[in-house]
Amino acid sequence: MPNILIVGATGYIGKALSQSLIRSGNHRVFGLARSQEKARSLAQEEVIPILGSISPESSSSLISAINIHHIDTIVDVSGAAHGSLDLLNLVKGIGKLRLEEAKSSGEMVPKLGFIYCSGTWVHGSSHVPVNDLMPVGTPNAPAPPAELVAWRTKVEKNVLAARDVLDVMIIRPALVYGRSCAIWMSFFEPLYEAVQSQSLPDTVRVPADEASRPGLVHVDDVASGFHAAIEKLNIIAGTGVYPVFDLQTSQESMNDILRAAARELGFKGNLELVGAGEDLFAKAMCANGSCSSGRAKSLLGWAPKREGFVEGMGVFVKAWESSRA
C-alpha cells in the first residue's frame, strides 16, 4: 500500500484529495501539519499527521519523517509561493540519496515521486484553445501567465528538471468551485452582505469582467485528477510522456456565474461587474480559459463527474454560505 504525503492537506484541494485517497482503501495518507491543532484536524479525518513545515529551518525533521514513514510520493497542493521550491529541493535531496544508497548496495528501488499543483492560470488569458503541451512563461507561449501566479512557471521548470532523481508530474486545475467555494469569497461576500444588511443597497459592484469566460473544474474532480496522477505516476514517468496535465471541465461566463449566485443568495438589486482593474487576484479570476483535458482523460484515466457551475449554483451557494459561518 503506497504511502502518500500531502503538503497542504488541510487546504481546499488537500482535504478533497485526502478523502478521495482514503475512501479508495489503496493508500496510507499522511499530511503535513504546522501546528498541533492542524495535526488533530488531520487525525480526525483519518490522515496521519506529520508535524512540521517546509521552511529550511524545519527541513531536518521533515526529511526524517519522510524516511521513517517510507513515503513513496509527495504531493504539493500548498500553493506556497515561497515554499514550493524549498520543498522541491528538499525532496530532490532525499530522492538523490535514496538512489545513491540503492546503487551502492546493488539494489533497485523506485524513484521518489513528486506531484506539483500548478494551475491553468499559467496559460494566461486567451480566447483561443490552449493545451498542456504548449509552453508557458516563455516568449513562445500563446499568452503571458496571470501576473498573480507568474512565479509558478519557474517552479514548473524546476520540477521538470528534477526528473533525473524523481518521478515528477505537474497537475494544473482550472478555476476551482464547489464545497466551501473559498476562492469565490471576494465575489460572493458583497452580495451576501447586501442581502443581510438592514438597508438593502440598490447596487452591488463586483471587481469582475463581464465578458470573461474562465475555465472551471469542481474540487471533487480536481481531487480525482490528483488521485489518478498518483496511481499513474510511476507508469507515466517511465514512458517519456510529457508529465503535465490540465484539468478543466467547462468554460462559463463570469456574468452568468455571478448573476446566478446573486439570484440564489436572494439579492434583488442591481449587480454591476465593474472590471478587475489592477486587482491581481480579480484579474486572475477573470482570465479566459479554454484548456483541453484530453490528455488527462486518455493518459491518466481522469473521469470528471461534476460539470456545470451555473447549473448547480443553488447547491454551491448553500455550501459556501454554510462554510462561511
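The values are calculated or read from the model by the stated rules, or taken from the named source; none is laboratory data. None of the values given here were measured: they were computed from a predicted structure. As a convention, Cβ positions derive from the backbone with ideal geometry for all residues, glycine included, and neighbour counts pool all protein chains shown.
Scanning the range 4-26 for residues that are surrounded by fewer than 23 Cβ atoms within 10 Å (Cβ to Cβ), under 15 Å from A228 (Cα atoms) and either of a type in the set (S, T, N, Q) or over 20 Å from the mean Cα position of the chain (by Cα) (or both) returns Q19, S20, S24, G25, N26. Just checking, how many residues over the range 151-179 are surrounded by fewer than 17 Cβ atoms within 10 Å (Cβ to Cβ) and either farther than 26 Å from G240 by Cβ or under 15 Å from the mean Cα position of the chain (by Cα) (or both)? Total meeting the criteria: 1. Among the charged types (D, E, K, R), crowded, with 23+ Cβ neighbours inside 10 Å and not in a helix (DSSP H, G or I): is that true of R213 in this structure? When the stated conditions are applied, R213 does not pass them.
One residue stands out in the range 54-70 among those that are in contact (Cβ under 8 Å) with a residue 12 or more places away in the chain and within 14 Å of L87 (Cβ to Cβ): the one that is nearest to the chain's Cα centre (by Cα), namely I54. If I filter the range 239-247 for residues that are among the aromatic types (F, W, Y), in a loop (DSSP other than H, G, I, E, B), in contact (Cβ under 8 Å) with a residue 24 or more places away in the chain and surrounded by fewer than 18 Cβ atoms within 10 Å (Cβ to Cβ), do I get at least one hit? Yes, that holds for at least one residue. Of all the listed residues (A43, A80), the sole one being hydrophobic (A, V, I, L, M, F, W, C) and surrounded by 14 or more Cβ atoms within 10 Å (Cβ to Cβ) is A80. Looking at this structure, is D167 touching a residue at least 24 places away in the same chain (Cβ under 8 Å), assigned to a loop (DSSP other than H, G, I, E, B) and touching a strand residue (DSSP E or B) at 6+ places or on another chain (Cβ under 8 Å)? Answer is no for this residue. Annotation note: Cβ proximity below 8 Å between a residue of the range 90-114 that is buried (at least 16 other Cβ atoms within 10 Å of the Cβ) and a residue that is modelled with pLDDT of 95 or more and polar (S, T, N, Q) (sequence gap 6+ or interchain) occurs for L112/T73; G113/T73; F114/T73. Does V130 satisfy being β-branched (V, I, T), surrounded by 16 or more Cβ atoms within 10 Å (Cβ to Cβ) and farther than 18 Å from F281 by Cα? It is true that V130 is β-branched (V, I, T), surrounded by 16 or more Cβ atoms within 10 Å (Cβ to Cβ) and farther than 18 Å from F281 by Cα. When C291 is tested against (1) surrounded by fewer than 13 Cβ atoms within 10 Å (Cβ to Cβ); (2) touching a helix residue (DSSP H, G or I) at 6+ places or on another chain (Cβ under 7 Å), exactly one condition is not met: (1). Beta carbons closer than 6 Å, at least 6 apart along the sequence or on distinct chains, pair a first residue in the range 294-310 that is small (G, A, S) with a second that is part of a loop (DSSP other than H, G, I, E, B) for A296/W302.
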